[in-house]
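Asker: The structure's right below; bear with me while I get my questions together.
The values are calculated or read from the model by the stated rules, or taken from the named source; none is laboratory data. Given the structure is predicted, the values throughout are model-derived calculations rather than measurements. As a convention, Cβ positions derive from the backbone with ideal geometry for all residues, glycine included, and neighbour counts pool all protein chains shown. Accessible surface areas use protein heavy atoms only, side chains included; no ligands, DNA or RNA. Shrake-Rupley method; radii C 1.70, N 1.55, O 1.52, S 1.80 Å.
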Amino acid sequence: MAPTSEWLSHLEEKREKLKSPVDLNTYFTLPEIAGKQLDIMDIGPCSVPTGEILVRDPLCYLAVRGEQPYFRTVSAGTYRTEVSVVKPDDEGDCARYAAVRLRFSDKPAIRFEEALIGHEDIGGLEDGEYFGFNVDAGLGSICDKRLHQAFCDFVEKWHEEHPGENLYDHYFATLFAESYRQHPEYQRSGGDWLNWQIPGTEYHLPIFQSGFGDGAYPVYWGLDQAGEICQMVIQFIDIELTYGEEEEED
């Protein structure tokens, strides 16, 4: 459902409040932030056949047919899925996925602005707040509208054929573990990411750990000099805020 003219008017009024307080380019260009070593990991293709995108927890929210994509669209295509990784440290913490990015063009992003569906209560947005998406299973996914339909079809059929079984425990867990065996770097043994080809389709749906687990996380459009969308970035960890405070406390 397209946003109303009134909603779009509120969007213009609140545009500065929707701007990312962090330059997300640095997550993919700097080797270190706040004393934490970073690396970039390519986890394979993301299919975007319609240009309409949802970002959802795949186990808790993606299988709902009424879920709506963001109101702004991108060029249809297949894009590489890049992950900004906070490397494991000497204290025993595992690799943490700080951000996930799709780049739709080679143009640099000069501004990051929150991606919205088009019915959020923008008028009540305060400084430092964001809408984001909810995670309740420790995972996120970037999903085109057509893939969303295929995903819902798959889940419904799977549950019909496996009554009483759990989709993660009895299906995805094996695939995640295999992802770890094939690509162990920056994954725990149970698997932290999966580039899943939806059965019966040619579509690739990347699924990945959500930084520190459950919570609400913002999604941003990267805009180029002309104001056109050139990137999408999911921010799971505010690296400077999270680790910078630890440095100060130490």
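Asker: Determine, for the chain, the count of lysine pairs separated by eight or more sequence positions (or lying on different chains) whose alpha-carbon distance falls under 26 Å.
Answerer: Within the chain, the lysine pair count is 8.
Asker: Carbon and sulfur: what percent of the chain's accessible surface (1.4 Å probe)? Don't skip to the end; give the middle numbers.
Answerer: Numbers: 5610 of 12210 Å².
Result for the chain: 46 percent of the exposed heavy-atom area is carbon or sulfur.
Asker: On to the next question. To the nearest 20 debye, what is the magnitude of the charge dipole of segment 1-83 about its Cα centre, counting +1 on the Cβ of each Lys and Arg and -1 on the Cβ of each Asp and Glu? Numbers along the way, then the final one.
Answerer: Working: 9 positive and 12 negative charges, 28 e Å.
So the dipole magnitude of segment 1-83 works out to roughly 140 debye.
Asker: Of Ile122, Pro69, Tyr27, which is farthest on the positive side of the dipole of segment 26-156, counting Cα position, with +1 on Lys and Arg Cβ, -1 on Asp and Glu Cβ, and the Cα centre as origin?
Answerer: Pro69
Asker: Around Gln197, which amide H atoms from residues at least 5 apart in sequence, or from another chain, sit under 5 Å from its own amide H, with H modelled in the peptide plane?
Answerer: Counting only residues 5 or more places away or on other chains, the set is Leu205.
Asker: Return the sequence-ordered ³J(HN,Hα) values of segment 162-176 in whole Hz as given by the Karplus equation 6.51 cos²θ - 1.76 cosθ + 1.60 applied to θ = phi - 60°, using x for Gly and Pro.
Answerer: 10, x, x, 8, 9, 4, 6, 4, 9, 9, 5, 4, 5, 5, 5
Asker: Please give the Cα centre distance for segment 78-149 versus segment 174-250, rounded to the nearest Å.
Answerer: Their Cα centres are 7 Å away from one another.
Asker: So, for segment 57-192, what is the accessible surface per residue at a probe of 1.4 Å, expressed in square angstrom? List each step's numbers first, then the result.
Answerer: On the way: 6960 Å² over 136 residues.
Computed with neighbouring chains in place, this is 51 Å² per residue.
Asker: With an 8 Å Cα cut-off and a minimum separation of 6 or more residues, compute the relative contact order for the chain in percent.
Answerer: Values: 501 pairs, mean separation 69.7, N = 250.
Here the relative contact order equals 28 percent.
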